[in-house]
1. Picking from Phe104, Phe159, which residue would you name as being touching a helix residue (DSSP H, G or I) at 6+ places or on another chain (Cβ under 7 Å) and farther than 30 Å from Thr567 by Cβ?
2. Hey, which of the strands (runs of 3 or more DSSP E) in the range 353-427, taking only ones fully inside, have at least 2 residues that are free of Cβ contacts under 8 Å to residues at least 40 places away in the same chain and outside the structural domain of Glu526 (by TED's automatic domain parsing)?
3. Please go through the range 73-101 and pick out each residue that is of a type in the set (A, V, I, L, M, F, W, C) and either within 28 Å of Asp118 (Cα to Cα) or touching a helix residue (DSSP H, G or I) at 6+ places or on another chain (Cβ under 7 Å) (or both).
4. Here's a check for you: in the range 508-527, which residue that is surrounded by fewer than 17 Cβ atoms within 10 Å (Cβ to Cβ) and assigned to a helix (DSSP H, G or I) is nearest to the chain's Cα centre (by Cα)?
5. Out of all the residues in the range 86-103, is one or more more than 24 Å from the chain's Cα centre (by Cα), outside any helix (DSSP H, G or I) and either crowded, with 19+ Cβ neighbours inside 10 Å or touching a residue at least 24 places away in the same chain (Cβ under 8 Å) (or both)?
6. For the range 528-568, name all the residues that are touching a Leu at 6+ places or on another chain (Cβ under 7 Å) and part of a loop (DSSP other than H, G, I, E, B).
7. Does the range 104-116 contain at least one residue that is out of contact with any Leu (no Cβ under 8 Å at 6 or more places or on another chain), outside any helix (DSSP H, G or I) and not assigned by TED's automatic domain parsing to the domain that holds Lys31?
8. Scan the range 576-585 and tell me whether some residue there is within 16 Å of Gly446 (Cα to Cα), modelled with pLDDT of 95 or more and part of a helix (DSSP H, G or I).
Amino acid sequence: MNTTKNPKRLPLLIISLLFSCLLLTGCFGSKQSDAQVQKAFDSFTENIFLTEIQQDGLTFNYTLAHPEIYGIDAPATTLGDYSLSAMKENLASAENYLSALKDFSYRQLSQEQKLTYDILKNYLKQELDGSNYLLYNNVLSKTIGIQAQLPVLFAEYNFSDKASVDCYLSLLSDIERYFNQILSFEEIKIKNNLFMSHTTAEDIIAQCQNFISKTEDNLLIQIFNDRIETIAGLSENEKKEYKEKNKDIVLNSVIPAYKNIISFMTEYKDSGINSGGLCYFPEGKEYYQYLVSTSTGSSKTIKEIDKILDEYLASSMEKMQAIAIKDVSILEKAENLTYPLTDPAKILTYLEKAIEKDYPAMESVDYSIKYVHESLQPDISPAFYLTPPIDDSSINSIYINPYKDYNMDTIFTTLAHEGYPGHLYQNVYFNRTAPSPIRSILGCTGYSEGWATYVEMDSYFLSGIEETLAAFLSANNLASLCMYGKIDVGVNYYGWDLEKTSAYLRQFGIEDPAIIKEIHQSMIAEPGNYLNYILGCIEFKELRKTAEEKLGGDFSLKDFHELILSTGPCTFDTLREQLKNWMKK
């Protein structure tokens, strides 16, 4: 789980940076050695990295634990700029970055730098390709919207000293301004007939109301009071003052900011002219293709995605049917499933060792297992992992959401997704390869969620249950995600209404109208989200299939995983190129 990407740039700094790059790369006629070009490229990418992470203080805090190493004394104390003008500046900056990037001699770069070059170039091109869809940007939604994420992100803010506490309080105070910017942007969307549906607005209202239902015992007060006690160097009087100041900000700034969203959504919830998928907006189909491509990292067209989802769904169903024919009790076993391990800490300790056969070794890392605060439980994912700063991989948190008596007896595969060999393992492993810092801001959701889903499928076979049941459950999970992916595409590209979604789900025995409506609405509110998981997973399976067929008996699953992990987040076209080179060797 990451902070929302905010449109932000510093044009004057960009001009200075571009000028220095022209000097460094010899664009004025002097021939540069490979070493000089490589040094200049590192300087160029580091300058972009430092420029970008200083645009909002929350992203900065989650990226660097020791900013002094990079010569940064005072991080940003705002949450950034979410406005149409800032988005346009963002595009201009992306164009400038891309122009400067092309001035480097690609052949003189190291192999690692070429990879960074390719990823950065693709990222910037995607930014520019989105120039026609600025008003389609959506930062508010029930589950993954910024208003749902911020409380947890502030709760996990990295405190180190008194200065970090001061920065935290400044950022907390900025929520009201930041939300007002977002609401101003939503007003522009209303004027252009691009506002959200009535139901989506209602869901956001309910989420905000859940959060502010706690006042004096709000999680941002409770957690801050606990954590301030752990910061060294603070006197008892200073701790007391900080607690009072934080409480005042929460009660008189944060909660009013959420009330502003409630008031706005209440007033304008009927302003949306479209209660269906993206395809009903002008250029909605084109935007959906763009959204899916940029988010998942897959270059497949929507029609290709729809086809491959059908293929994997059919294959998974066939596997399940074949198992059920051989073992007529398999459904009963699946319905009454209990894994041998149910304690989260013991599961993660076990998985860390159990993956050693098929995944590259990694030294142990510290992590904390936490539970979602009750005020956030109705609207937050069942579990999630928060990425650590790139200069301190010891700060890892896995959250479990116990909402509605979550069945801890079946949490094994969820923790494989979030922990080992999922998000925690993947993030820390890649970070320990010492990649260029800029890679930390060039993420790809389809890579990260696709990897975690891909390994989750394999984790059934590590759980200690019988192999036939593991195969059945893994196929069932894949089939379910394919089904959700199909609905996502159906609703947002082909225009499925609730009736068509209902007809599709009834094929799989899902009859409950409330569940069907919830699934249908989630695709409207957060289009493309499910494809990050299932399409990303399928892309990894396709890469593995290619390597297995090409290498035959020479294929090593552990070496294949090492390639994926050391390459790090990128598009799947980039991964395919890396795989080709790897197979040649």
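The values are calculated or read from the model by the stated rules, or taken from the named source; none is laboratory data. Since we're looking at a predicted model, the values are computed, not measured. Counting neighbours? That spans all protein chains shown, and the Cβs are built from the backbone with ideal geometry, glycine included.
1. When all the criteria are applied, what remains is Phe159.
2. In the range 353-427, the matching strands (runs of 3 or more DSSP E) lie at 368-371.
3. Hits for the range 73-101 are Ala76, Leu79, Leu84, Ala86, Met87, Leu91, Ala92, Ala94, Leu98, Ala100, Leu101.
4. Taking the range 508-527 as the starting set, the residues that turn out to be surrounded by fewer than 17 Cβ atoms within 10 Å (Cβ to Cβ) are 508-515, 517-518.
Subsequent filtering for residues that are assigned to a helix (DSSP H, G or I) retains 513-515, 517-518.
Values: Pro513: 30, Ala514: 28, Ile515: 25, Lys517: 25, Glu518: 22 Å.
Out of the qualifying residues, it is Glu518.
5. yes
6. Gly528
7. No: zero hits.
8. For the range 576-585, residues within 16 Å of Gly446 (Cα to Cα), modelled with pLDDT of 95 or more and part of a helix (DSSP H, G or I): present.
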